Number of protein chains: 4
Amino acid sequence: MKADAEPVPGKREAIMAAATKVFDGRGFAATTMDAIAAEAGIAKGSLYNYFKNKEDLFYQVFEHAVGQSEFEVDQMFSQSATACGKLDRILDYSFTEMSKYKALGRLVLEFWATAARKAQGELALQLREMHLRWQRRIEAILAEGVRRGEFRAGLDCAAAASLIMQTLDGIQLHDVLDLDIGARDAAYLAALKRMILDGLTNRASGGPPEMRA
Amino acid sequence: MKADAEPVPGKREAIMAAATKVFDGRGFAATTMDAIAAEAGIAKGSLYNYFKNKEDLFYQVFEHAVGQSEFEVDQMFSQSATACGKLDRILDYSFTEMSKYKALGRLVLEFWATAARKAQGELALQLREMHLRWQRRIEAILAEGVRRGEFRAGLDCAAAASLIMQTLDGIQLHDVLDLDIGARDAAYLAALKRMILDGLTNRASGGPPEMRA
Amino acid sequence: MKADAEPVPGKREAIMAAATKVFDGRGFAATTMDAIAAEAGIAKGSLYNYFKNKEDLFYQVFEHAVGQSEFEVDQMFSQSATACGKLDRILDYSFTEMSKYKALGRLVLEFWATAARKAQGELALQLREMHLRWQRRIEAILAEGVRRGEFRAGLDCAAAASLIMQTLDGIQLHDVLDLDIGARDAAYLAALKRMILDGLTNRASGGPPEMRA
Amino acid sequence: MKADAEPVPGKREAIMAAATKVFDGRGFAATTMDAIAAEAGIAKGSLYNYFKNKEDLFYQVFEHAVGQSEFEVDQMFSQSATACGKLDRILDYSFTEMSKYKALGRLVLEFWATAARKAQGELALQLREMHLRWQRRIEAILAEGVRRGEFRAGLDCAAAASLIMQTLDGIQLHDVLDLDIGARDAAYLAALKRMILDGLTNRASGGPPEMRA
DNA sequence: AATGAATGAGCATTCATTCAT
DNA sequence: AATGAATGAATGCTCATTCAT
């Protein structure tokens, strides 16, 4: 039978739900097809009626999770009118809500660290595209902010967007790895946000003194 | 023969070089002891005369690479008198030199993503310590900068250090994953550095307007 | 597939038969899973569909053999009404039938001599329980014999049972090791039995003269 | 160099002492040549200057230990004039002193259970001879006892000697395996000895009643 | 479509023995 | 005689994938 067909409605989704649970808990390498089949309550062989192989199944699960995550963040964006407000929200989100995707983040990490090595497959491309999508979104917000006078004129939006992406990914990385535990109080977060937004808004910055001492 | 001894001068180093090559190329999990032995041109069993097991070998390789990297950055630190200059240098380094440790970064990623899940082994502790060491160093520089009047009074050094660490790790992450390719021109870097340093130096920041619009 | 199930009727038994053959021939340590698989005519991996690991397989084989042996001896017990008769039968059995379990005995020996050194695993417990079960049975027979007046009053049943067990184990040991070959004639056996039973029945024993000469 | 030579006086003995210690503690299979070399304070390769291989070394060690043990028991024998007294002593010894040879007993067990399977080598012959030597000694004592009127006339000395050997080996077996722990009080031992000696001394035994009920 | 028994390649580790120095 | 580094065969176990039913 061809994989990817879906003869029994909902079965595919059921398997993916089970797989998500197991992958999240154990990671890709440590997850066995047996465990997924058991979690889904079907026979191991049946998995191969719906997915070509383990990697394929992981890919589908992963894609689905990423889609959900993106949808949620999109909602967030549209709830603020100003660029500054949007950025504020997204930073807030990074600090407080991103932990929800800890499991997903760990899977991304594992993927990059192992699977991505061997083949520059579809998933790698997918992840790169996703990254670019995000970066462009941030960049658009920054450009909008400059246009509206919220951010300083002459801001290098591409560079700033890149830095913000790196920072957000760095924050998520630390979150996923349980570094900086306990540093999640309000004052801390406010300081961080202020630092980032300061860099965008303050137009009178004379630059650090004696930068090349 | 006891592991950890080095009766044949250079042999240990030769093995580590071979192992580094194979680990870098395939990652930890995908690397077989056979492959390392073959690369080193010795019998598989001989590996165990110099290293306790695969994890130990990896650990030594890893420690060596980290040692080199830390030494290099330490050099960098001491070459600037002012806090601002030190930070400037470390940011410079992150943007330009850190790529040398791409392979190392990938291995760390793999470790965090897989091995770190199961056990809190020695390597995990080592990595956390390394992280803390860095964070404290940054924090000390910031505190020094505040004392010298380079940075704004009232700066939350811990929070700022944490953010900077996250940013640096985010930068390295993107580097390791070959994201942001081509965005390494001087103007770009200057903008990024300015953003960060602005957040530390500008004392008159009134905060972003209409933050909660 | 879960170990311990038996989806293909007789397959489990077939494997155990093959394993018994190989274990008997080579002992536990010298037996490889490959050899068992080859003897059973299946793939090595298939063994693990029916048994958790080598030790488990051995345990099952062992338990089966012990079960057969115990069943057989139980039959023997019930065929005599008097305590004296029961003991007579069990001694008979030890001298004549126990050789059937020579291979089993050798495996027990190997287990005690090697595995038992390191861990107090399940098999060790099982063996100790089996031993106690036997000892209690003997003791019960002796007590019954005393009650019925078959054996001398004041007999230390526990001590006697222990001695009898030691003797029986010693007999089996010699049997397993092929010592005393050829000393299995009727007169010999009768003499041995008489010696043991005499010790239990003669109530007027004055003790050996000049015991501490 | 030829093994078995002894160019450095005492070195051979030193190795054997070290080997004895390690073999006793871990058994044959679990003992590595490294461990023996370490215990002896010499290089692993040097072992092969004095012993052909691991098995040979074990054989020599074993032979030496057996020799010592036999010597000690021989001393014991000669200290009593009467057959009854000799037997009494040897039984005493079995119950109280044999534990000293627990390690040796365990090695014998392991040997029989593993090494003896593969090759009917020299050691197996040696052990059989030793066994026969003992059996003949017991038999001689019994015959002497009959001649002196200590034991009942018509005693089947061969059969009795065999039973006694089996019993002694059974006792040692239980001792080695730590069965019957705690049953070593004086009354217990006295009862056991009485049972055995009763079988030899009482001449008026009418045999057990209703033996074949 | 579903099953699940069978497969077999793949791998880290141990250790007795050798031999060049 | 002594060394000890090098060797490499040997083995239990996993698990993704297949395929006959």
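The values are calculated or read from the model by the stated rules, or taken from the named source; none is laboratory data. The structure displayed is predicted, hence computed values, not measured ones. Neighbour counts are summed over all protein chains in view; Cβ atoms, including those assigned to glycine, are modelled from backbone coordinates with ideal geometry.
Restricting the range D:56-81 to residues that are of a type outside the set (Phe, Trp, Tyr) and within 14 Å of another protein chain (Cβ to nearest Cβ), which is nearest to DNA strand E (Cβ to nearest atom)? Reasoning before the result, please.
Just the residues of the range D:56-81 that are of a type outside the set (Phe, Trp, Tyr), to begin with: D:56-57, D:60-61, D:63-70, D:72-76, D:78-81.
Checking the rest, the ones that are also within 14 Å of another protein chain (Cβ to nearest Cβ) come to D:78-81.
Values: D:78: 40, D:79: 42, D:80: 44, D:81: 49 Å.
Among residues in the range D:56-81 that are of a type outside the set (Phe, Trp, Tyr) and within 14 Å of another protein chain (Cβ to nearest Cβ), the one nearest to DNA strand E (Cβ to nearest atom) is D:78.
Which residues, counting only those in the range B:36-49, are more than 7 Å from DNA strand F (Cβ to nearest atom) and more than 9 Å from residue B:18 (Cβ to Cβ)? Correct list: B:47 only.
Of the residues examined, residue C:1 is not one that is surrounded by fewer than 18 Cβ atoms within 10 Å (Cβ to Cβ), near DNA strand E (Cβ under 10 Å from one of its atoms) and either assigned by TED's automatic domain parsing to the domain that holds residue C:114 or at pLDDT 95 or above (or both). Taking the criterion of being away from every other protein chain (no Cβ under 11 Å) and either in a helix (DSSP H, G or I) or modelled with pLDDT of 75 or more (or both), the residues of the range D:104-128 that qualify are D:104, D:122, D:123, D:125, D:126. Flag: residue B:185 does not match the condition of being at pLDDT 75 or above and not aliphatic (A, V, I, L, M). If you filter the range C:27-55 down to residues that are farther than 21 Å from residue C:127 by Cα and among the charged types (D, E, K, R), you find that the one that is surrounded by the most Cβ atoms within 10 Å (Cβ to Cβ) is C:39.
Taken over the range C:24-49, the criterion of being within 7 Å of DNA strand E (Cβ to nearest atom) and in a helix (DSSP H, G or I) is satisfied by C:44, C:45, C:46, C:48, C:49.
Give the range C:141-153 a look and list any residue that's surrounded by fewer than 15 Cβ atoms within 10 Å (Cβ to Cβ) and free of Cβ contacts under 8 Å to residues at least 24 places away in the same chain, or say none. Talk me through it step by step, then tell me what you get.
As a first pass, look at the range C:141-153 and keep what is surrounded by fewer than 15 Cβ atoms within 10 Å (Cβ to Cβ): C:147-149, C:153.
C:147, C:149, listed by residue number.
The numbered conditions (1) surrounded by fewer than 18 Cβ atoms within 10 Å (Cβ to Cβ); (2) over 15 Å from the mean Cα position of the chain (by Cα); (3) away from DNA strand F (no atom under 16 Å from the Cβ) are all true for residue B:102 except (2).
Across the range D:56-92, the number of residues qualifying as under 27 Å from residue D:179 (Cβ atoms) and surrounded by fewer than 16 Cβ atoms within 10 Å (Cβ to Cβ) comes to 5. For the range C:6-32, a tally of residues being touching a Lys or Arg at 6+ places or on another chain (Cβ under 6 Å), more than 11 Å from residue C:58 (Cα to Cα) and either modelled with pLDDT of 90 or more or within 13 Å of DNA strand F (Cβ to nearest atom) (or both) returns 0.
Given the structure, is residue D:55 under 14 Å from the mean Cα position of the chain (by Cα) and of a type outside the set (Lys, Arg)? Working first, answer last.
Values: under 14 Å from the mean Cα position of the chain (by Cα): no; of a type outside the set (Lys, Arg): yes.
No: the conditions fail for residue D:55.
Would you confirm whether or not the range D:7-15 contains a residue that is in a loop (DSSP other than H, G, I, E, B), acidic (Asp, Glu) and either surrounded by fewer than 16 Cβ atoms within 10 Å (Cβ to Cβ) or within 12 Å of DNA strand E (Cβ to nearest atom) (or both)? Give the steps one after another, and end with the answer.
Going residue by residue through the range D:7-15, those that are in a loop (DSSP other than H, G, I, E, B) are D:7-10.
With the extra rule that they be acidic (Asp, Glu), the set shrinks to none.
The answer is no; no qualifying residue exists.
Every test in (1) away from DNA strand E (no atom under 16 Å from the Cβ); (2) away from chain D (no Cβ under 14 Å) is passed by residue C:89 save one, and that test is (2). Cβ-Cβ contacts under 6 Å between residues 6 or more apart (or on different chains), taken from a first residue in the range A:28-52 that is within 14 Å of chain B (Cβ to nearest Cβ) to a second residue that is among the aliphatic types (A, V, I, L, M) and within 8 Å of DNA strand F (Cβ to nearest atom), are absent.
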